[in-house]
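In what follows, a single structure is set out as structure tokens and then discussed.
The values are calculated or read from the model by the stated rules, or taken from the named source; none is laboratory data. Every value quoted in this text rests on a predicted model; they were computed, and no experiment measured them. Reconstructed Cβ throughout: ideal geometry from the backbone, glycine too, with neighbour counts over all protein chains shown. Each accessible area value is taken on the protein alone, full model and side chains, heavy atoms only, with ligands, DNA and RNA left out. Shrake-Rupley method; radii C 1.70, N 1.55, O 1.52, S 1.80 Å.
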Amino acid sequence: MKRAFSGVQPSGVLHLGNYFGAIKRFTDFQDEYDCYYCIVDLHAITVYQDPKELPRLINDTALYYLAAGLDPEKSTLFVQSDVPCHAELSWMLECVATFGELSRMTQFKEKSKGNESFSSGLFTYPVLMAADILLYDADVVPVGEDQKQHVELCRNVAQRFNSRYGETFKIPEAIIPKFGARIKSLQDPEKKMSKSDPNPLGYISLSDSKDEIVNKVRRAVTDSGREIVYSPEDKPAIANLITIYSLCTGLEFSEIEREFEGRGYADFKQALADAIIEALAPIHEKYRRYAESGMVATILKQGAAKANEVSSQVLKRAKQRMGLSLLADPVGRKLR
Ligand code: TYM
């Protein structure tokens with residue numbers, strides 16, 4: 001069975017972008033791939049996290065993975081800091097990645113803009129992400145579009161490592177969905193929907209109440225005119241809302257255009273709010289059931305045990321290749 005790996009930060013809000021661009025899709029891979037899904041708390045601390053809050057956020061992220069349909073019998077769910085190999089391999093890869101390529105990461109450029117005192121972890125963040133992926137010999141990495149450049153960096157660093165030290169890492173491939181790879185902000189369709197948006201009207205959180213959803217959709221920006229047509233160039237705001245409606249209902253864009261022909265934005269927004277509420281209802285229900293069951297700690301403990309087992313083998317292989325540690329097996333041991 002081929003392997004899939006992906007991760008989500010436990011940094012508070014999980015929104016519709018995270019859901020449609022990533023978490024919901026994770027569950028589609030479960031029957032076809034041996035899946036490893038990680039709550040990347042070490043990535044989250046690249047910006048300050050309140051130590052009293054972080055455990056709750058980690059638990060909450062695990063609950064949303066499960067509520068979205070992740071089956072712990074099929075997939076391995078774990079917390080990054082419970083598997084020490086991630087930080088260890090990250091350091092080794094930092095000695096292979098270059099300052100120049102990390103400086104070109106658009107996410108880093110955006111997040112560090114106008115801020116002189118960002119942590120050095122924010123800069124090396126994509127290398128830790130490369131370590132996450134490479135430790136599991138992942139074939140595929142399901143992510144939203146904003147992570148594509150990071151997966152590309154991972155591939156480059158792995159190829160450089162392999163050519164410098166000998167065949168060690170499998171070269172992974174990003175799997176980006178055709179639609180929903182970049183859900184836009186409800187307040188600015190030029191920007192992606194983001195949890196770091198200071199304006200909560202820009203995103204719909206998975207935990208939003210019905211009233212909040214109705215209010216946010218009602219106040220979402222629209223384009224000039226009043227037709228409901230999918231035209232990302234001319235009508236980026238409506239195109240974004242149509243994409244969300246399509247993802248919630250499973251309807252094709254052309255079917256949506258037909259459904260709302262001759263009707264205005266107000267009608268469409270009402271239907272969109274209802275569709276989002278309906279799509280999120282089973283998640284809320286499952287979230288509540290998992291929260292009450294108290295099973296999360298056991299699932300994460302079992303997940304970490306399995307992740308440690310798999311990743312330690314790959315780390316050992318990488319250490320041997322680099323010539324590190326006299327305690328490692330002799331160089332040239334056959335790869336699995
Ligand atoms: P994070 O936590 O920012 O986002 C989690 C996932 O959600 C996707 N996503 C979106 N998809 C569509 N539209 C949006 N507006 C939107 N916003 C976010 C992201 O693309 C991502 O798939 N660095 C990663 C976490 C990570 C990781 C990894 C991912 C750490 N190690 C290894 C894959 C493999 C991140 O910060 O995602």
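Enter the angle in degrees (range 0 to 90, nearest 10) between the Cα long axis of helix 148-165 and the first principal axis of the Cα atoms of the chain, meaning the one along which they spread out most.
Compared with the principal axis, the helix lies near 10 degrees.
How would ASP132, ASP197, ASP50 line up by accessible area, probe 1.4 Å, largest first?
Highest to lowest solvent-accessible surface, that is ASP50, ASP197, ASP132.
Arrange the residues ARG289, ARG321 by how much accessible surface each exposes, largest first, with a 1.4 angstrom probe.
ARG289, ARG321
Going down the table (LYS24/LYS170; LYS148/LYS216; LYS24/LYS216; LYS216/LYS301; LYS74/LYS170; LYS52/LYS178), which pairs top 31 Å between alpha carbons?
With Cα atoms farther than 31 Å apart: LYS216/LYS301; LYS52/LYS178.
Going by a ≥ b ≥ c, the root eigenvalues of the Cα gyration tensor, does the chain fall in the rounded group (a/c under 1.5), the prolate group (a/b larger than b/c) or the oblate group?
Note, shape of the chain comes out prolate.
When only the heavy atoms of the protein chains count and the probe is 1.4 Å, how do MET295, MET129, MET322 rank by accessible area, highest first?
Accessible-area ranking of MET295, MET129, MET322, largest first: MET295, MET322, MET129.
Using a 1.4 angstrom probe and counting only protein chains, how large is the accessible area of ILE228 in Å², to 10?
Rounded to the nearest 10, the figure is 10 Å².
Tally the DSSP beta bridges in the chain and give the antiparallel ones as a percent, rounded to 5.
Here the share of antiparallel DSSP bridges comes out near 10 percent.
Rounded, prolate or oblate: pick one for segment 200-291, where a ≥ b ≥ c are the square roots of the eigenvalues of its C-alpha gyration tensor, a/c under 1.5 means rounded, and failing that, prolate if a/b is larger than b/c, else oblate.
prolate
Describe numerically, in nm with one decimal, the distance between label points set 7 Å from Cα along Cα→Cβ at LYS306 and at SER254.
4.2
Compare SER185, SER254, SER209 in a GNM of the chain, Cα atoms joined below 10 Å, and give the one with the largest fluctuation.
Largest GNM mean-square fluctuation: SER254.
With springs only between Cα atoms under 10 Å, which of GLY114, GLY180, GLY166 fluctuates most in a Gaussian network model of the chain?
Ranking GLY114, GLY180, GLY166 by mean-square fluctuation puts GLY114 first.
Amide H neighbours of CYS35 under 5 Å, at least 5 residues apart or on other chains, H built in the peptide plane: list them.
ALA4, THR76
Taking H as built 1.01 Å from N, whose amide H comes closer than 5 Å to the amide H of ILE175, not counting residues under 5 places away?
Amide H neighbours of ILE175, under 5 Å, 5+ apart: VAL141, VAL143.
In nm, give the distance between the simple-model label positions of ASP50 and LYS74, each being 7 Å from the Cα along the Cα-to-Cβ direction.
3.7
Select from ASN156, ASN18, ASN215 the residue whose mean-square fluctuation is largest in a Gaussian network model of the chain (Cα-Cα springs shorter than 10 Å).
It is ASN215.
For the pair LEU324 and ALA297, how long in nm is the line joining their label points, each one 7 Å along Cα→Cβ?
If labels sit at LEU324 and ALA297, their model points lie 3.3 nm apart.
Evaluate the Debye formula for segment 96-166 with equal point scatterers sitting on the alpha carbons, no solvent, and hand back log10 of I(q)/I(0) at q = 0.17, 0.20, 0.25 Å⁻¹, in q order, two decimals.
At q = 0.17, 0.20, 0.25 Å⁻¹ the computed log10 ratios are -0.65, -0.86, -1.21.
List, in order, the whole-Hz ³J(HN,Hα) value for each residue of segment 51-59 obtained from phi through the Karplus relation with A = 6.51, B = -1.76, C = 1.60 and θ = phi - 60°; use x for Gly and Pro.
Per residue, the Karplus-derived 3J(HN,Hα) values read x, 7, 8, 4, x, 5, 5, 5, 4 Hz.
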